[in-house]
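The values are calculated or read from the model by the stated rules, or taken from the named source; none is laboratory data. If you're wondering where the values come from, they're calculated on a predicted model, not measured in any experiment. In this analysis, Cβ positions are derived from the backbone assuming ideal geometry, glycine residues included, and neighbour counts consider all displayed protein chains. To get the accessible areas, we keep the full protein, side chains included, count just its heavy atoms, and leave off ligands, DNA and RNA. Shrake-Rupley method; radii C 1.70, N 1.55, O 1.52, S 1.80 Å.
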Amino acid sequence: MKLPRRAHRVRVPGFRFAGVRAGLKTRGRDVALIACERPVTAAGVLTTNRAPAAPVVLTRARLATGRAAAVLVNAGNANACTGRAGQRTAESSTALVAELLAVPPASVLVCSTGRIGVPVPDDLLQGGVRAAARALRPDGFGDAAEAICTTDAFPKTAVRRLRLGGKPVTIAVLGKGAGMISPNMATLLVFACTDARLSPAVARRALAAGVDGSFNRITVDGDMSTNDSVLLLASGAAGNAAVRAGSPDHRRFEQALTAALAEVARLVVLDGEGARKCVQVTVEGARDDDAAQCAARGVAESMLCKAAFAGADPNWGRFVCAAGATGVTLDAGRVDVVIGGVPVARAGRPIPGALRRAKARMQQREFTVLLRLRQGTGRGWMWTSDLTVEYVHFNAAYTT
């Protein structure tokens, strides 16, 4: 997969975007603003970390209405583990957005990303908010995508177009994430903007399904962030009839949204801090889907397996070991293992001459690992990265 060098250039009717530099990071844009021409349908999936950042707490409360008028995002400081001062920062910065855009403060959502446990320079953030409000424009999507990045090597965006009720509809997704990535949300900020007309209930259902098929199936290092947020904003500017829950249009929208989110999720793994490979781990034949997903995650998060991915070492027994360590029912004497499309073990026994070909497949940037457990019909999968020396070096000096 060719990595993007810049964000998509796209317009989404009903939205304006901005990305500016406020000085919260050492270089580059670091404050983004998404403004809605009028209040829109809003839904969110937020971190399950029990130490949520102040922006997550505030956004979670405000999402209860199912409506929003703007989203403020800053990079360079997570505003996490910052106590009451952090809460005041989240509230005051969104109040300023509300004042500048002439919308109610409770309609402004907020997300932050960066270092944890560091006070936010309020003067810099407030200056960034003012600059972002002045810079808002319909074609500012790419600037906003750049402004939410921290350790990312490149902005992560995806676009899907479809028809709902006979009307053309756009879904545009911008996201960030590279390290501290684990299922049940990761160090992710992701914003899906669409001109489709959706009810809050349909938006929540579609987003939950989309996240389950994308961001809850990726891991870089198994660490969950304090700030994870995926938001869906639907302006209704496309003019389609409101999408009804369970309708064919609901299914079409959910499939397109999931595909766009999955594209961004895959880019997150490919951009894992120091990562060189993206590996899809699939488990088939488990007792049920939950067991298969558990086993796939066990392989995807195993440091030994990730080291094998880095070294292109087709150590298939290590993969079976990692699946068995999860507690999922399996019989090692019945398991088949396929690496990069090359069968390397059948019924728990090595296939002569297969390892050399499997090793060649593992030297590619992307490859697959498949385990067939032969216990039932359950299936699950994960995307993961390899463990590299660069990842260790990067995170050994993240603060200093």
Note on the range 109-255: contact order normalised by length, alpha-carbon pairs under 8 Å, 6 or more apart, percent, works out to 24 percent
Which one of Gly378, Ala308, Gly348 has its Cα pushed farthest toward the positive end of the charge dipole of the range 286-400, where Lys and Arg give +1 and Asp and Glu give -1 at the Cβ? Gly348
Could you calculate the contour length gain from Ala347 to Asp313, that is, 0.36 nm times the residue separation minus the distance between their Cα atoms, to one decimal place in nm? 10.2 nm
Within the range 309-400, DSSP-loop chymotrypsin sites (Phe, Trp or Tyr not before Pro) with at most 16 other C-beta atoms within 10 Å are Tyr398
Around Phe367: net Lys/Arg minus Asp/Glu count, Cβ-Cβ under 10 Å: +2
Between their Cα atoms, which of Lys156/Lys306; Lys176/Lys277; Lys25/Lys156; Lys156/Lys359 are more than 28 Å away from each other? Lys156/Lys359
By the scheme Lys and Arg +1, Asp and Glu -1, what is the net charge of all other residues having a beta-carbon under 11 Å from that of Val159? +3
Per residue, how large is the accessible surface of the chain? Use a 1.4 angstrom probe and give square angstrom. 41 Å²
Lys, Arg +1 and Asp, Glu -1 on Cβ, resulting dipole of the range 193-255 about Cα centre, debye, nearest 20: 420 debye
Residue with peak Gaussian network fluctuation, the chain [Cα springs, cutoff 10 Å], from Arg204, Arg356, Arg297: Arg356
Taking all protein chains in place and a 1.4 Å probe, what share, in percent, of the accessible surface of the chain do carbon and sulfur account for? 50 percent
In debye, nearest 20: dipole of the range 13-110 around its Cα centre with unit charges on the Cβ of K, R (+) and D, E (-)? 200 debye
When DSSP beta bridges are limited to those with both residues in the chain, what percentage is antiparallel, rounded to the nearest 5? 70 percent
Charge tally in the Cβ shell below 10 Å around Ala347, where Lys, Arg are +1 and Asp, Glu are -1, Ala347 excluded: +3
Is it possible to state the helix-based mean residue ellipticity at 222 nm for the chain, with each DSSP H run of 4+ residues giving -39500 (n - 2.57), the sum divided by total residues, to the nearest 500 deg cm²/dmol? What is it? -10000 deg cm²/dmol
Under a point-charge model restricted to the Cβ atoms of Lys and Arg (+1) and Asp and Glu (-1), what is the dipole moment magnitude of the range 58-158 relative to its Cα centre, in debye to the nearest 20? 300 debye
Taking square-rooted eigenvalues a ≥ b ≥ c of the alpha carbon gyration tensor, is the chain rounded, prolate or oblate, where a/c under 1.5 means rounded and, failing that, a/b exceeding b/c means prolate? prolate
Long-range HN-HN contacts of Ile218 with modeled amide H, under 5 Å: Trp383
Just how many % of Cα pairs in the range 186-276 lie over 20 Å apart, if you round to the nearest whole percent? 37 percent
Below 8 Å between Cα atoms, with a sequence gap of 6+, how large is the relative contact order for the chain in percent? 17 percent
